[in-house]
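Bear in mind that the values in this text are calculations on the coordinates, not laboratory data. Remember, it's a predicted structure, so these values are computed and weren't measured experimentally. We place every Cβ from the backbone using ideal geometry, glycine too, and count neighbours over all the protein chains shown.
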Amino acid sequence: MVETSKGGLFNTEKLIFGIRQVTQITGVSSRQLRYWEQQNYISPIQQKKGTSRQYDMHTLLKIANIQRFLSQGFTLSVAVEKAIKVGREAPLIRDFVLSRMNGVNIESDDRATIDFGFLDDSHKQRVLGVIDHGKTSFEIIDEV
């Protein structure tokens, strides 16, 4: 595993995407991207004059989320607000889940459980996240 200062598998700040790659990945046209830049919704990374636009992973995810919300029927300004909110919430959710996750048990193609550890300091019950036939739920089980 490659460690980074943020504890991830790799340093996502070094993942750089050209404008063509961004359009292919997200389905957002280069014309739309330029408009979003003019509106200060997104920003390319600093670049040398005469080179094509490049975007970091954070901006790529923001673009993908804006596009997702637009496809759900939201206006551009609302889609941008929602994408900003997702961008703020996602690291918190990731950090919480990773700090609580003790393991994954793949029971079959249709069922898996995620062990989130003990419910409280009594260590009498465990919290499991369950994925069963595409549906998610939680189970609290007694420790034996």
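Quick notes on this structure:
- Near ARG53, the amide H atoms lying under 5 Å from its own belong to ILE19; only residues 5 or more places off or on other chains count, and H is placed 1.01 Å from N.
- The range 90-144 and the range 17-55 have Cα centres lying 39 Å from one another.
- Between THR12 and PHE118, the simple label model (points 7 Å from Cα in the Cβ direction) yields a spacing of 3.2 nm.
- Here the label points at ASP142 and LEU92, each 7 Å from Cα along the C-beta direction, are separated by 3.6 nm in the simple model.
- Distance in nm between pseudo-label sites at GLN24 and ARG100 (7 Å out along the Cβ direction from Cα): 3.8 nm
- By the rule of a C-alpha distance below 19 Å, with chain neighbours fewer than 8 residues away ignored, the aspartates and glutamates paired with LYS48 are GLU13, GLU37, ASP56.
- Residue among SER108, SER99, SER52 with the largest mean-square fluctuation in a Gaussian network model of the chain, springs linking Cα atoms under 10 Å: SER108
- Listed residue (SER137, PRO44, MET101) projecting farthest to the positive dipole end of the chain, Cβ model: PRO44
- For the range 36-45, 3J(HN,Hα) computed residue by residue from phi via the Karplus equation (6.51, -1.76, 1.60; θ = phi - 60°) reads 4, 5, 4, 7, 6, 7, 9, 9, x, 6 Hz, glycine and proline entered as x.
- Just so you know, the Cα atoms of the chain work out to an Rg and Dmax of 20.0, 66 Å.
- Mean residue ellipticity (222 nm) of the chain, computed from DSSP H runs ≥ 4 via -39,500 (n - 2.57), nearest 500: -13000 deg cm²/dmol
- HN-Hα J in Hz across the range 118-127 - Karplus 6.51, -1.76, 1.60, θ = phi - 60°, x for Gly and Pro: 6, 5, 8, 6, 6, 6, 9, 9, 10, 9
- The GluC sites (Glu not before Pro) of the range 68-126 that meet both conditions, a loop assignment by DSSP and at most 15 other Cβ atoms within 10 Å of the site Cβ, are GLU107.
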